[in-house]
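Participant: Take a look at the following structure, please.
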Amino acid sequence: MALPAHPLRPLSEAEMEQARAVTIDTHATDASTTLTFRIIQLFEPKKAELVEFLKAEHAGTTPSSVPSRQAEVLFDIVKDGQAQLTEVVVDLDARKIAETRSFPALGNQTSLTLSEFGQFQDNCLASDVFAEALKEFEIPENFKITIDPWPYGGQDADEDIPRYMQGLVYARDSTSGNDDSNHYGYPLPIIPVMDMATKKIVRVDRMATGGKGDSMHAETKGDTPRKLFEHNKPAEYIPELLNLTLRQDAKPINVVQPEGASFKVHSDNLVEWQKWRFRLGFTPREGAVLHDVCYDGRPIMYRLSLSEMTVPYGDPRPPYHRKQAFDFGDGGCGRAANNLELGCDCLGAIHYFDAYMADAEGKPTLSKNVVCLHEQDNGIGWKHTNFRTNRAVVTRLRELVVQYIVTLANYEYIFAYKLDNAGGITVETRATGIVSVVPIDHGKTSDYGNVVGPGVLAQNHQHIFAVRADPNIDSYTSGETAIVVEETHRIPMNPETNPHGNGYEVRRDLVSRPRFFDAEPKLNRIVRIENSTRKNPVSGKNVAYKFTPSPTQLMLADEGSVQAARAQFATHHVWVTGYRDRELWAAGELTNQSRKETGGVKDMTERGDWFAGAEGTDDGGAGGAGQQSSPVIWSVFGLTHNPRVEDWPVMPVEIHQIHIRPSDFFTANPALDVPPSANKASVLVPCCNGKEEGTGTGTATANGEGGSVQKDPVAHMQGTKEVDPAELPIRNGEGGQDDKGKDKDKRRLSTTLSNLFGLGKK
Ligand SMILES: [Cu+2]
């Protein structure tokens with residue numbers, strides 16, 4: 001008998017079809033009603049139910065119940081030109097709707113879909129309003145208009161609008177006949193705004209193009225068309241259009257795994273690698289998600305995900321205040337995931353995961369290769385050389401990388417979870433792609449960004465990320481995970497406890513209620529995620545994982561601004577909130593067009609929850625909304641990106657990592673059993689192409705002869721071999737040093753000096 005689907009397995013094609021059919025049967029009940037689908041995905045089981053299943057799964061016993069397979073379907077009910085956003089949860093086993101939610105038409109909006117992106121450009125180019133706006137400019141022959149769709153941004157205080165989108169307009173020089181010629185070198189100073197229900201352009205905003213000291217507002221329209229791009233230059237990055245020779249001096253680097261990969265992928269997305277085991281999920285909003293992450297059978301993370309990123313732009317000239325993207329909530333990092341290519345996006349033995357996503361008709365469409373899985377070598381893992389014997393033991397730090405890459409208009413983000421052979425988890429973000437640019441008058445510079453090419457201003461902006469970690473350190477039991485903020489403080493010099501002033505102390509602060517705090521490198525502030533009952537048998541401390549919050553710059557927009565209000569998560573480095581099913585979004589569920597963050601981490605911290613062990617069990621004065629919960633951690637970090645010329649025309653990766661590491665979780669270095677085998681494929685590279693040049697002293701050659709490296713290593717002369725204490729000669733008042741010992745020391749010193757000055761024997 002076939003086993004039932006694991007509750008965390010993504011929806012199959014057949015399950016998506018079934019969810020679609022049930023939704024259509026229920027909501028498209030007459031001929032004048034159509035449904036436009038946005039998302040069909042697995043509706044993750046309630047934690048309380050899933051935990052019981054996971055416990056039984058790990059114990060190898062039969063679970064008392066299996067959570068039912070459910071699908072979450074987000075769609076518009078379109079009738080008489082009006083769209084009603086609706087969400088249903090479909091019980092796939094029972095083939096019926098289990099829950100229904102409707103959303104208001106005005107105010108916060110759900111994320112944009114790929115079909116909306118496509119419609120935006122087509123409808124703009126077909127619009128008389130847009131054509132009229134273009135008449136203000138004279139555009140060189142052979143240039144084609146191209147429009148990057150953008151979320152509308154935060155609504156101004158006096159706005160109360162339905163679903164809008166805006167677009168940044170560029171022109172592409174089609175002379176080369178190559179569709180990949182880079183349009184970002186030719187920005188136009190207009191932003192069309194579209195009502196997505198009527199598909200009509202509601203207005204075209206005009207932009208200021210001045211420099212330092214110039215007006216905050218667009219100049220008035222002249223009587224004659226303004227000539228554009230008189231000084232702009234191509235900004236190509238694809239190799240065949242580059243006006244330079246590609247470097248020839250890089251020889252291939254191959255990653256060869258002659259015995260294949262050491263990970264195992266099972267058909268239901270269970271991944272096993274060395275002592276790690278997890279289930280890979282994939283959602284249109286988050287992309288890859290790690291579920292039930294265990295090491296050596298011990299749970300660590302119930303769920304680990306990238307939750308949100310906001311990109312607020314710092315150019316104060318209207319309408320740029322609305323240039324603020326929420327890449328997860330407005331766009332969707334899963335649905336914008338690249339189809340990764342073998343040998344380009346990762347090296348070595350790669351496994352790719354596909355995902356099914358729903359198209360506008362709700363039909364499952366296969367996205368190939370949206371997540372890649374591979375191992376990589378990250379240099380030395382641990383090493384020690386016994387200086388007495390010169391015996392070195394060295395192991396490699398190997399990582400299992402779960403990676404996905406997202407293209408959101410001009411930018412790319414590369415997200416990776418890296419599990420390593422020392423029990424560590426690294427969450428990595430890389431920003432690359434093309435910086436967002438706007439026009440600037442020829443010859444001017446700006447306080448609001450950097451001129452990266454003639455007539456091209458790359459505006460200052462921030463990228464602020466939120467990683468969500470729902471930990472279950474060494475236990476599936478709710479209430480056993482506790483968060484402790486640990487700091488290291490100076491002890492003032494005092495005769496009783498710190499007579500010489502060198503002492504310092506480690507202080508612990510148990511987080512008993514949800515709250516935020518910030519990175520504090522001066523206090524070495526770290527976050528310990530502990531099991532509150534299990535002690536490490538060696539240290540007696542609670543078993544834990546820890547991470548150091550990154551002291552990166554937080555939201556720069558003024559506290560009173562819409563930009564800051566809609567991204568409250570971006571105002572602190574760490575949030576600890578009380579768990580609720582379905583609460584996955586740092587800036588709230590609906591970020592698109594939001595005026596303020598709703599249902600995000602700030603609201604979660606304010607509802608009066610408490611954690612196990614907290615004094616009192618009141619609701620914190622929040623009107624009964626509080627409850628005892630398990631803690632969820634949100635790590636916020638970012639990049640204030642004031643662009644460099646080197647970021648143009650395509651930006652070298654900006655990397656950021658958070659390191660979640662075991663802290664008294666194991667009884668010793670968990671990588672002690674990593675074999676220190678020497679790599680037989682490594683080769684020696686001689687100097688001078690292997691030919692003798694000059695005297696050639698001081699460097700090892702390919703055959704290992706003729707060099708002085710480590711042959712008589714001065715640097716290791718740090719002591720002598722051990723001696724039997726019984727053999728130590730003791731003389732009164734001389735601390736165990738006899739004449740023979742002094743002679744030995746003298747000999748050693750003279751050898752050292754001789755070697756240092758090249759006088760010793762070789
Ligand atoms: Cu940037």
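Participant: Considering each of 151, 140 in turn, give the residue that is in contact with an Asp or Glu (Cβ under 6 Å, 6 or more places away or on another chain) and modelled with pLDDT of 95 or more.
Facilitator: On the way: 140 fails: in contact with an Asp or Glu (Cβ under 6 Å, 6 or more places away or on another chain).
151 is the lone residue from the list that is in contact with an Asp or Glu (Cβ under 6 Å, 6 or more places away or on another chain) and modelled with pLDDT of 95 or more.
Participant: Sticking with this structure for a sec: If you check 112, 54, which single one turns out to be aliphatic (A, V, I, L, M) and farther than 30 Å from residue 150 by Cα? Steps first, answer last, please.
Facilitator: Details: 112 fails: farther than 30 Å from residue 150 by Cα.
Sole residue among the options that is aliphatic (A, V, I, L, M) and farther than 30 Å from residue 150 by Cα: 54.
Participant: Given the conditions (1) touching a helix residue (DSSP H, G or I) at 6+ places or on another chain (Cβ under 6 Å); (2) farther than 29 Å from residue 200 by Cβ; (3) not small (Gly, Ala, Ser), and given that residue 77 satisfies all but one, which numbered condition is not satisfied?
Facilitator: Here residue 77 meets the rest and fails (2).
Participant: Okay, moving on. Condition check: farther than 30 Å from residue 534 by Cβ and small (Gly, Ala, Ser). Does residue 297 satisfy that?
Facilitator: On the way: farther than 30 Å from residue 534 by Cβ: no; small (Gly, Ala, Ser): yes.
No.
Participant: Quick check on segment 466-473. Is at least one of its residues of a type in the set (Gly, Ala, Ser) and farther than 30 Å from residue 50 by Cα?
Facilitator: Our first condition is that a residue be of a type in the set (Gly, Ala, Ser); within segment 466-473, this holds for 466, 469.
Then drop every residue that is not farther than 30 Å from residue 50 by Cα, which leaves none.
Scanning segment 466-473 turns up no residue that is of a type in the set (Gly, Ala, Ser) and farther than 30 Å from residue 50 by Cα.
Participant: Residues in segment 475-482: is at least one away from the ligand (no atom under 16 Å from the Cβ), assigned to a strand (DSSP E or B) and more than 26 Å from residue 333 (Cα to Cα)?
Facilitator: yes
Participant: Does residue 386 satisfy the criteria of being of a type outside the set (Asp, Glu) and crowded, with 17+ Cβ neighbours inside 10 Å? Steps first, answer last, please.
Facilitator: Numbers: of a type outside the set (Asp, Glu): yes; crowded, with 17+ Cβ neighbours inside 10 Å: no.
For residue 386, the condition - of a type outside the set (Asp, Glu) and crowded, with 17+ Cβ neighbours inside 10 Å - is not met.
Participant: Evaluate the following for residue 539: is it outside any strand (DSSP E or B), buried (at least 21 other Cβ atoms within 10 Å of the Cβ) and more than 22 Å from the chain's Cα centre (by Cα)?
Facilitator: Working: outside any strand (DSSP E or B): yes; buried (at least 21 other Cβ atoms within 10 Å of the Cβ): no; more than 22 Å from the chain's Cα centre (by Cα): yes.
Taking the combined requirement at face value, the residue does not satisfy it.
Participant: If you don't mind, another one. Take residue 235 and decide whether it is small (Gly, Ala, Ser) and closer than 30 Å to residue 125 by Cβ.
Facilitator: Against the criterion (small (Gly, Ala, Ser) and closer than 30 Å to residue 125 by Cβ), residue 235 qualifies.
Participant: Checking the condition farther than 30 Å from residue 25 by Cα, surrounded by fewer than 17 Cβ atoms within 10 Å (Cβ to Cβ) and modelled with pLDDT of 95 or more, which residue from 131, 98 passes?
Facilitator: 131
Participant: Does segment 630-647 hold any residues that are more than 12 Å from the ligand (Cβ to nearest atom) and buried (at least 20 other Cβ atoms within 10 Å of the Cβ), and which are they? Write out each step before concluding.
Facilitator: Step one: list which residues in segment 630-647 are more than 12 Å from the ligand (Cβ to nearest atom), which gives 630-637, 645-646.
Within segment 630-647, 630, 631, 632, 633, 634, 635, 636, 637 meet the criteria.
Participant: For residue 410, all conditions in the list (1) within 30 Å of residue 262 (Cβ to Cβ); (2) in contact with a Ser or Thr (Cβ under 7 Å, 6 or more places away or on another chain) hold save one; what is the number of the exception?
Facilitator: Just one mismatch for residue 410, condition (1).
Participant: Kindly establish whether residue 591 is over 26 Å from residue 628 (Cα atoms), crowded, with 23+ Cβ neighbours inside 10 Å and not assigned by the TED database to the domain that holds residue 47.
Facilitator: yes
Participant: So how many residues does segment 401-438 have that are within 16 Å of the ligand (Cβ to nearest atom), hydrophobic (A, V, I, L, M, F, W, C) and either out of contact with any Asp or Glu (no Cβ under 9 Å at 6 or more places or on another chain) or within 20 Å of residue 545 (Cα to Cα) (or both)?
Facilitator: Residues flagged as within 16 Å of the ligand (Cβ to nearest atom), hydrophobic (A, V, I, L, M, F, W, C) and either out of contact with any Asp or Glu (no Cβ under 9 Å at 6 or more places or on another chain) or within 20 Å of residue 545 (Cα to Cα) (or both) within segment 401-438 amount to 1.
Participant: Next question, about the same structure. So for segment 387-409 (the condition being assigned by the TED database to the domain that holds residue 277, of a type in the set (Ser, Thr, Tyr) and over 30 Å from residue 330 (Cβ atoms)), does at least one residue qualify?
Facilitator: Taking segment 387-409 as the starting set, the residues that turn out to be assigned by the TED database to the domain that holds residue 277 are 387-409.
Applying the additional criterion that residues be of a type in the set (Ser, Thr, Tyr) yields 389, 395, 404, 407.
Narrowing the set further to residues that are over 30 Å from residue 330 (Cβ atoms) leaves 389, 395.
Within segment 387-409 (the criterion being assigned by the TED database to the domain that holds residue 277, of a type in the set (Ser, Thr, Tyr) and over 30 Å from residue 330 (Cβ atoms)), the answer is yes, since at least one residue qualifies.
Participant: Search segment 101-115 for residues being of a type outside the set (Ser, Thr, Tyr) and surrounded by fewer than 19 Cβ atoms within 10 Å (Cβ to Cβ), and hand back the single one that is farthest from residue 165 (Cα to Cα).
Facilitator: Step one: of segment 101-115, the residues of a type outside the set (Ser, Thr, Tyr) are 101, 103-109, 112, 114.
Among the residues that remain, those that are also surrounded by fewer than 19 Cβ atoms within 10 Å (Cβ to Cβ) are: 101, 103-107, 114.
On the way: 101: 24, 103: 18, 104: 17, 105: 14, 106: 14, 107: 13, 114: 13 Å.
Once the filter is applied, the top-ranked residue is 101.
Participant: Does segment 505-514 contain any residue that is part of a loop (DSSP other than H, G, I, E, B), modelled with pLDDT of 95 or more and hydrophobic (A, V, I, L, M, F, W, C)?
Facilitator: Step one: list which residues in segment 505-514 are part of a loop (DSSP other than H, G, I, E, B), which gives 512-514.
Subsequent filtering for residues that are modelled with pLDDT of 95 or more retains 512-514.
Then keep just the ones that are hydrophobic (A, V, I, L, M, F, W, C); that gives none.
Looking for residues that are part of a loop (DSSP other than H, G, I, E, B), modelled with pLDDT of 95 or more and hydrophobic (A, V, I, L, M, F, W, C), one finds none in segment 505-514, hence no.
Participant: Across segment 5-56, what is the number of residues that are surrounded by fewer than 18 Cβ atoms within 10 Å (Cβ to Cβ) and within 22 Å of residue 290 (Cβ to Cβ)?
Facilitator: Here the count works out to 8.
Participant: Could you go through segment 596-615 and let me know if any residue there is outside any loop (DSSP other than H, G, I, E, B) and farther than 25 Å from residue 508 by Cα. Explain how you work it out, then say what you get.
Facilitator: To start, the set of residues in segment 596-615 that are outside any loop (DSSP other than H, G, I, E, B) comprises 598, 601-606, 610.
Cutting the leftovers down to farther than 25 Å from residue 508 by Cα gives us 598, 603.
Yes, there is a match, as at least one residue in segment 596-615 is outside any loop (DSSP other than H, G, I, E, B) and farther than 25 Å from residue 508 by Cα.
Participant: When segment 1-38 is examined, which residues are found to be farther than 24 Å from residue 65 by Cβ and polar (S, T, N, Q)?
Facilitator: 23, 26, 29, 32, 33, 34, 36
Participant: If the requirement is being modelled with pLDDT of 75 or more and either closer than 30 Å to residue 48 by Cα or away from the ligand (no atom under 16 Å from the Cβ) (or both), which of these qualifies: 658, 730?
Facilitator: It is 658.
Participant: Return the only residue of 678, 671 being surrounded by 16 or more Cβ atoms within 10 Å (Cβ to Cβ), of a type in the set (A, V, I, L, M) and modelled with pLDDT of 55 or more. Can you show your working first?
Facilitator: Numbers: 678 fails: surrounded by 16 or more Cβ atoms within 10 Å (Cβ to Cβ).
Exactly one residue qualifies, and that residue is 671.
Participant: Under 7 Å between Cβ atoms, which residue pairs at least 6 apart in sequence (or on different chains) link something in segment 624-653 that is within 21 Å of residue 314 (Cβ to Cβ) and in contact (Cβ under 8 Å) with a residue 24 or more places away in the chain with a partner that is within 11 Å of the ligand (Cβ to nearest atom) and of a type in the set (Asp, Glu)?
Facilitator: Between residues of segment 624-653 that are within 21 Å of residue 314 (Cβ to Cβ) and in contact (Cβ under 8 Å) with a residue 24 or more places away in the chain and residues that are within 11 Å of the ligand (Cβ to nearest atom) and of a type in the set (Asp, Glu), the close pairs are 639/654.
Participant: Moving on to the next point. Taking residue 537, is it under 19 Å from residue 637 (Cα atoms) and assigned by the TED database to the domain that holds residue 482?
Facilitator: No: the conditions fail for residue 537.
Participant: Let me ask something else. Tell me the residue from 332, 281 that is at pLDDT below 95, surrounded by 23 or more Cβ atoms within 10 Å (Cβ to Cβ) and under 18 Å from the mean Cα position of the chain (by Cα), please.
Facilitator: Working: 281 fails: at pLDDT below 95.
Answer to the selection: 332.
The values are calculated or read from the model by the stated rules, or taken from the named source; none is laboratory data. Values in this document were obtained by computation on a predicted structure and should not be read as measured data. Counting neighbours? That spans all protein chains shown, and the Cβs are built from the backbone with ideal geometry, glycine included.
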